[in-house]
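Notes for the one structure printed next.
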Amino acid sequence: MVLQVLSDWLTPLVATPPKTVSPEVGALKDTGRSLILRDLREKVVAYESNNPDPTGTTPTENDFATVRLEIFGPDGTQIGTTEGAGRMLYRQEKDEHFIAYFGEEITLNDGNVIRAGGLVDDARLTAGEHATFPAVVVSGPLRGAIGFRQFRPLVKESHTTYESSIVVYRR
């Protein structure tokens, strides 16, 4: 209970983006305060699920899966890895889509470790839409940086390769 109260009070202080006119925004001119990685490719190297269908087209409320991927920059150089897990939570009444929670830890070769996670509409992701989650650098040169992580499958039927982005900044 005490931890929840502290979290409810502290989260808005540290996670709320600054106003555009804030001096904190001007400090972002220093490129050492941000990390912008776009046009990334991620390739699945390990996947385990209690659902035998790897395409994501036959989800159930009991689905749980773990995944490990290698992350490559636009030039094809490996820049890191990510390990995560997804768990179906419920089915929406309005459209029958399953909502899942996906969380992961991204380890970049530059020493930054990023935790990302959030809710995802599984049907939309399976159809090729982006999933976007909050991301926080928990270790490394940009520790404390916040931002987002985005990904989507490149080939809807196989879910073996993803297009992704990671954008974080430190206030």
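The values are calculated or read from the model by the stated rules, or taken from the named source; none is laboratory data. Source: prediction; values computed, not measured. Heads up, the Cβs are rebuilt from the backbone with ideal geometry, glycines too, and the neighbour counts pull from every protein chain shown. To get the accessible areas, we keep the full protein, side chains included, count just its heavy atoms, and leave off ligands, DNA and RNA. Shrake-Rupley method; radii C 1.70, N 1.55, O 1.52, S 1.80 Å.
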Once amide H atoms are placed 1.01 Å from N in the peptide plane, what residues at a sequence separation of 5 or more from residue 51, or on another chain, have their amide H within under 5 Å of its amide H?
64
Phi to ³J(HN,Hα) by Karplus 6.51 cos²θ - 1.76 cosθ + 1.60 over segment 115-125, Hz, x for Gly, Pro:
9, 9, x, x, 7, 9, 7, 4, 5, 5, 5
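Please compute the length gained on full extension between residue 130 and residue 85, using 0.36 nm multiplied by the number of residues separating them and subtracting their Cα-Cα distance. Spell out each step's value before the answer.
Numbers: separation 45, 0.36 × 45 = 16.20 nm, distance 1.72 nm.
The span from residue 130 to residue 85 would gain 14.5 nm if fully extended.
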Mean Cβ neighbour count within 10 Å, used as a protection proxy, ranking 141-154, 1-14, 74-87 highest first
141-154, 74-87, 1-14
Between 0 and 90°, nearest 10: helix 2-15 axis offset from the chain longest Cα axis
70
Using the Cα gyration tensor of segment 1-64, with a ≥ b ≥ c the square roots of its eigenvalues, what is the shape: rounded (a/c below 1.5), prolate (a/b larger than b/c) or oblate (neither)?
oblate
Return the calculated 222 nm mean residue ellipticity for the chain, to the nearest 500 deg cm²/dmol, obtained by summing -39500 (n - 2.57) across DSSP H runs with n ≥ 4 and dividing by the residue count.
-3500 deg cm²/dmol
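Which percent of the accessible heavy-atom area of the chain goes to carbon and sulfur, probe 1.4 angstrom?
On the way: 5730 of 10200 Å².
The computed percentage sits at 56.
Which whole-number value in Å² is the accessible area per residue of segment 32-167, probe 1.4 Å? Write down the numbers at each step before the final one.
Numbers: 7170 Å² over 136 residues.
Spelled out: the 1.4 Å probe surface of segment 32-167, per residue, equals 53 Å².
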Which of these values of Rg and Dmax of the Cα atoms in Å was calculated from the structure shown: (i) 17.3, 52; (ii) 24.6, 80; (iii) 22.9, 77?
(i)
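Calculated FRET efficiency, residue 47 and residue 24, Cβ-Cβ r, R0 41 Å, to nearest 0.05?
Working from the Cβ atoms, E equals 0.55.
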Using a 7 Å offset from the Cα along the Cα-to-Cβ direction at both residue 160 and residue 99, what is the distance between the two label points in nm, to one decimal?
3.3
Rank 93, 163, 42 by accessible area, highest first, at a 1.4 Å probe radius?
93, 163, 42
Give the long-range amide H neighbours of residue 97: residues separated by 5 or more places, or on another chain, with amide H under 5 Å away, using H modelled in the peptide plane at 1.01 Å from N.
92
